[in-house]
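Structure first, commentary second.
Only the coordinates and a few stated rules stand behind these numbers; no lab work does. The structure presented is a predicted model; accordingly, all values stated were derived computationally and were not measured. Cβ coordinates were reconstructed from backbone atoms using ideal geometry, including for glycine residues, and neighbour counts include every protein chain displayed.
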Amino acid sequence: MHITILGGGVLGVASAWYLAKSGHQVTVIDRQDSVAQETSHANAGMISPGYSMPWAGPGVPLKAIGWMMQDLAPFMINVKELDGYTLSWMMKMLANCNTRAYQVNKERMLRIAEYSRDCFVDLRKELDIVYDARQQGTLQLFRKQKQIDALQKDIKVLKELGIQHQALDMDGCIEHEPALAHVKDKFVGGLRLPGDETGDCFMFTTELAKECEKLGVNFLLNTDIERLNEANGKITSATTSNGTIAADAFVCALGSYSPKILKTVGIKVPIYPIKGYSLTLPIEDESRAPLSTIMDETYKIAVTRFEDRIRVGGTAEIASFNLECPEKRRAAVDFVIQDMFPGATKVSKAEFWTGLRPMTPDSVPVIGGTSYSNLYLNTGHGTLGWTMSLGSAKLLSDIIDNKTSDIDPEGLSIARYA
Ligand SMILES: Cc1cc2nc3c(=O)[nH]c(=O)nc-3n(C[C@H](O)[C@H](O)[C@H](O)COP(=O)(O)OP(=O)(O)OC[C@H]3O[C@@H](n4cnc5c(N)ncnc54)[C@H](O)[C@@H]3O)c2cc1C
């Protein structure tokens, strides 16, 4: 079957990999001149099933107000960009802020994230791809005793879900991240998730795209997708800046832009672009640098070690499709890297980046078929799209091939919004 994948981010490329392996003829279309140039370009670098928890939960609306008022706010709303779509998405998210929805959504996220981590292990056995990968776990770091006191609830959930974890005092944290010895007095302890992994999503996607090409996948780049065309319950083609592309089946992996293209054939999918920022910095002093990911829980900012660089990423901003990088938004990321790993790098040498997380109101991605018999979705992966990428793509490939999948697809398709 000829399958056209719309979008060459990590989800599009991962989908291309499994579909090509399964024997399909695959074309990937993207508007950029190479893969992973948008949200998959400079994310925080965590493959973290342990952090797979929905944003919407009981008490979150109140917490969000606190975050907005906090110094170096981890969450903000750009009121100039508030429109009807944004407000309607926020209402849908609020409807998920209860215990029952939280539990259902968390189970769905974990199902796909844990499966995905197994797929990463298998992929590394199969391919020798270099992406500054490390398998050294991740560490949540706390600045206040009250954060430690509140941890018992999270630990209970981790225990129930069978996720490996270690509550650590500062000496324990320093054993895993020796450079924290320089700032021991600023923190009170941490929670380590030893099963989590790290790496550079852009390198990963680029390398996987090369492997896809070896299997015959065609990348049609510099090509803007304008709309989909349908007849008799099927998608017949995509109209693009490079002409009309026909195929037997289509996969939409357009990240935050998925709703715009799906709307052209009457499909509504509640995905909103939640803006985030990152810095990438060269390491100046190895002995002061992190070894894996450390998440500063106070500012919700992750600091991740790549081979000779550090990535610092976080912040959630409701700002529609605004892609500006205002200097004032650097404050929190600048602060965390200098405060946590002083001397490891120089912020003057940082590359500042922004990306739009394709976020659903329940934080669960949208994977599976649609009302059109040959249109499939692999989108809406929000804060953890790289973490869930391989599992989502393998599941989708099995769904397209009508094979029994390794995990239950229940609750993952667009049907849950009907
Ligand atoms: C600051 C930040 C930190 C993050 N940290 C992590 C992390 O540590 N771990 C993790 O797992 N996830 C993280 N994420 C989330 C993760 O990066 C995303 O979920 C993931 O990259 C989404 O991938 P995607 O392929 O769906 O979207 P994208 O990477 O955006 O891909 C969509 C593609 O579609 C193309 N496209 C869009 N519209 C059109 C069109 N009309 N025509 C042609 N092409 C089009 C774009 O060019 C793009 O290449 C983070 C995100 C941000 C912003």
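Per-structure values
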item	result
Virtual spin-label span in nm between E126 and L62, 7 Å along Cα→Cβ	4.8 nm
Local net charge near Y376, Cβ-Cβ under 15 Å (Lys/Arg +1, Asp/Glu -1)	-1
The chain: most fluctuating residue of V188, V121, V130 per GNM, C-alpha cutoff 10 Å	V121
FRET efficiency, 1/(1 + (r/R0)^6) with R0 60 Å, evaluated for A231 and D308 via beta carbons	0.70
Spin-label pair A95/Q166, simplified geometry with 7 Å Cα→Cβ offset, distance in nm	4.4 nm
For the chain, calculated [θ]222 nm from helices alone, where every DSSP H run of n ≥ 4 adds -39500 (n - 2.57)	-9000 deg cm²/dmol
Modelled FRET efficiency - R0 60 Å, A181 with K263, Cβ distances, 0.05 increments	0.65
Paramagnetic reach from K328 (point 7 Å along Cα→Cβ, amide N under 14 Å) across segment 82-107	none
Share, in percent, of DSSP beta bridges within segment 233-377 that are antiparallel, nearest 5	90 percent
Contour minus Cα-Cα distance for R143 and L221 (0.36 nm per residue)	23.5 nm
Separation in nanometres of the label points that stand 7 Å from Cα toward Cβ, at T239 and Q32	2.6 nm
Segment 237-341: trypsin sites (Lys or Arg not before Pro) in DSSP loop, at most 12 other beta carbons within 10 Å	K268
Partner lysines for K186 [C-alpha distance under 22 Å; skip if fewer than 8 residues away on the same chain]	K144, K146, K300, K346
Gap separating the Cα centres of segment 383-407 and segment 119-184, nearest whole Å	25 Å
Antiparallel content of DSSP bridges confined to the chain, in %, to 5	70 percent
